[in-house]
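Heads up: the structure comes next, in structure tokens.
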Amino acid sequence: MIRRSSGELVIFFINRPGDANKMMVIRSHDDGISWSEPAVAFDLPGQAYYANQVLEDDQGTLHVVFHLFSSGTNGYRGRHLDLWHTQKRLDADWEKPKKIYDGYVGSMRGFIQLSNGRLLLAFARAMPAREQKPAPGAADYGWNETIACYSDDHGDTWELSPGTVNIAVDPTNITRYGGVEPAIIQLTDGRVWMLVRTNKGQLYESFSGDGGSTWSPPQPTPFISSDSPATLLRLRDGRLVILWSANQRYDDQRSYANGGREVLHAAISSDDGKTWKGFREVLVSPVSSAEKGDRGTAYPSAVENSDGKVVFVSGQAEERAIVMFDPDWLAHRAAGDDFRKGFVQWTFFGIDAGFSLDIPARGEKKALCVQPQASAGHAAVWNFPAAESGQLTVHFYTTDVNPGIELALTDHFSVSHDTLAAKHAVVRFSLPESKISGSGKLKVEITWDSQRGDAHIKVNGKPAGTAAFSRNTDFGLNYLRVGQASTTSSGYYLTSVKFEAK
């Protein structure tokens, strides 16, 4: 997706499923509210996969990069996805596409124009010599390396960067493609920041101080991530927005995308990426999503519309969506839900029974009902703004002295039916019978301080325990998991939840 200098929003895509031989577009002239019917932008000189990248340069020229299937010896096991480029100058027709790289290139995620006018494209390419694992004891960087390609003459000629980025693979994983699908953005100090997808549980980063020619050794970032790419967006007021998949899975080491793609997250920075706020869910998969093939909420492409809202397109298969949100929302320091509007920011992936929206007693309002048949380890999951220190106030209605309330706080998303997610949370509490005086209304307050590394819990205003963090957290806590403490619990109702950053 791009925003033209005229304010028009345009989404470019391949006619796939189908012949995959045309670049298609849909357009919006009202900041992303409504969209035109698909139209052909130009014909492709071959069969394409899904990926493309587009930008409008400082002269108003449109540049499109895409890849086409072919065969050869510089790809992956004889397969090629060669890189092609075309451009459209102002009112002229699209120029004849030309190949700019011969080999196997995965999904492209980063295509920008630098302040000096250079067009910079980052991508991962297959290295035929690395298709097989290296000898025991040798470093294994997988069969891809990340590289840049740039043009200093407005797209007429292209050159590969002499510097590359290689990330060692996790030997415990079956897949060994290495670092792929880099996103890039230019920082205010002129450096280019690259974020690279890995299957190591976090995004990696590299920096270039010479316009993408050379790159620093890659390092892990604090951004927890499944095996999914990120995207970066510079707002007109200078703030940065990141969209990525902060998902992990603990009870299935072979889960799709090493952690899943059920949820897409967003965060915002006012200091050029030094600190971040938000970590909010901006796109959630349908509960009944596909179980095979590429799927989920990943692969975002984002712009800022004329009204200052972020508009993005993301998702694969039936989960593709166009979404709009106010970036100021990411800086909010409070959130809550009393279920008047149903479930707000709650997810229940994989839960067939045990959690519902119900009325606990005559005269009461709707509440989250955690029933006795809820499986141990399953949880209702609620997202709130990330905070290094904060307080959660949760109100319950119980009908027994043994409701079996388990609360876990953590810094990333895991599906509701991940039976080990609570054990991997940053901190958790199980309320024993001794802390509950009887049935009726119950007020639970949890305060935490990441610098101190602990959390305190109160029940009906009285101290009920302290728990140390199980690990450090870089951005604070932003998830509550609510479940059953045991299979003999009587169940309970959660009537409201409120979060405030401190």
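Any read-out appearing in this document is the output of simple, stated calculations on the displayed coordinates, not a laboratory observation. All of these numbers come straight from a predicted model, not from anything done at the bench. Please note: Cβ atoms are built from the backbone with ideal geometry, for glycine as well, and neighbour counts cover all protein chains shown.
Structure notes:
- Mean separation of Cα contacts under 8 Å (6+ apart) over length of the range 374-430, as relative contact order %: 47 percent
- If you take all other residues with their beta carbon under 9 Å from the beta carbon of residue 476, and give Lys and Arg +1 and Asp and Glu -1, the sum is -3.
- For residue 15, the residues 5 or more places off, or on other chains, whose built amide H falls under 5 Å of its own are 20, 21, 22, 24.
- 3J(HN,Hα) along the range 302-312, derived from phi through the Karplus expression 6.51 cos²θ - 1.76 cosθ + 1.60 where θ = phi - 60°, amounts to 10, 9, 9, 7, 5, 8, x, 8, 8, 10, 9 Hz, with x in place of Gly and Pro.
- Backbone geometry of the range 335-343 corresponds, through the Karplus equation with coefficients 6.51, -1.76 and 1.60 at θ = phi - 60°, to 3J(HN,Hα) couplings of 7, x, 8, 10, 6, 5, 9, x, 8 Hz, x marking Gly and Pro.
- Footprinting exposure proxy ranking of 340, 197, 428, fewest other C-beta atoms within 10 angstrom first, gives 340, 428, 197.
- For residue 42, nonlocal amide neighbours, meaning residues 5 or more places apart or on other chains whose placed amide H falls under 5 Å from its own, are 23.
- Hz values of 3J(HN,Hα) by residue in the range 170-186 - Karplus curve (6.51, -1.76, 1.60), Gly and Pro given as x: 7, x, 7, 8, 6, 6, 9, 7, x, x, 9, 6, x, 9, 9, 7, 8
- Chain lengthening between residue 94 and residue 139 when straightened (0.36 nm per residue, less Cα-Cα): 11.7 nm
- Pairwise centroid distance, computed over Cα atoms, of the range 183-251 with the range 307-360, Å: 24 Å
- For the listed residue pairs 277/423; 200/277; 292/365; 200/292; 274/498, the alpha carbons are over 30 angstrom apart in 292/365.
- The range 380-502: relative contact order in percent, alpha carbon pairs under 8 Å with at least 6 residues between: 46 percent
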